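Below is one structure, written out as structure tokens; comments come after it.
The values are calculated or read from the model by the stated rules, or taken from the named source; none is laboratory data. This one's a predicted model, so the numbers in the text were calculated from it and none came from an experiment. Here Cβ is always computed from backbone atoms with ideal geometry, including for glycine, and neighbour counts include all displayed protein chains.
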Amino acid sequence: MRPIFVEPDPSPSPGLEDIREEGDQLLTWVLGAPLQSLVAVLVGVLLLAALRWTIARAVRSVIDGGARVRSHTRRLLMKTKVPVPGEDSDPLAVARRVQRAETMGSVLRSVAGIVVTILVVTALAEINDWNLGPLLASAGVVGVALGFGAQTLVKDFLAGIFMLVEDQYGVGDVVDLGEAIGTVEAVGLRVTQVRDLSGTLWYVRNGEILRVGNMTQGWSKALVEVTVPPDADVEHAAALLTRAAQEVAATRPAEVLGEPEVTGYESLSAESVMVRMTLKVAPAKQWAIQREVRARVRELFVEEGVGLALPRQMLVERAAPAATTPAKDDAGEG
């Protein structure tokens, strides 16, 4: 057999030093941008998780601790003999507090996510030497286009955030929003749901609300008016009106926050005299108390023989037309 000769490779075989140098370069690259990028992403994820946990805990403490805070405040006010309405057991007050806290928590979580994302992207751009100029320019153009198209949506969201922060109204409040008047059933960042007296549910965009009239925030006023004949004892009628309000207040001590006030003669005419009484009450309790006071006023007026004014009616009696005799036909007689 002929011996096989292998022609040697002219390129030198990698030595140990070359392998070690390549390993060092790979390790340097791994420990550089990739590892730093991974650390930046992990830090962002941990930071976002910590922020969301803190926000969730704060929201839960507001929901669970609201009743305790109000109970402590109520005890302090009762020591100073200031009447305070009981809201701890009111389901509407609880629902209002829960929805407001959860909505604000949702806003804070969204803001935290946006801020952390911007920070992580900025850190990755610096680590990897990304040129964000063209991207930012394109994003600016897209942002301007979206801004023109979504400015109404942004307006609604911003208005909703300010309404929640300022606590202009909440679930269970009776409000006048201009186009819709009724009870608030839900408050969101974009729309508010209001149900009117006829049962219609109105969806009102927050950006379209120019004014808010809240009839049940802080405290309310019960207003009762009675009209008596001009020749009646008006002072006695006013005293009975005050007595009726005091009796109702005695049965509702947690809902009545002040003494009844008779403001005097609200109107005076040849037919009647109107007497008005106002009473400071807890939020949203004015209508029930007004009905109860009116019922008690009627009972007292019947007991004391005080009559209510009747509208004057004018009867016009027309004379009957005179009987006419048929005309004689002279031509026929002839």
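Every test in (1) at pLDDT below 75; (2) more than 30 Å from Leu201 (Cα to Cα) is passed by Asn128 save one, and that test is (1). For region 258-271, state whether one or more residues are outside any helix (DSSP H, G or I) and surrounded by 15 or more Cβ atoms within 10 Å (Cβ to Cβ). Checked region 258-271: at least one residue is outside any helix (DSSP H, G or I) and surrounded by 15 or more Cβ atoms within 10 Å (Cβ to Cβ).
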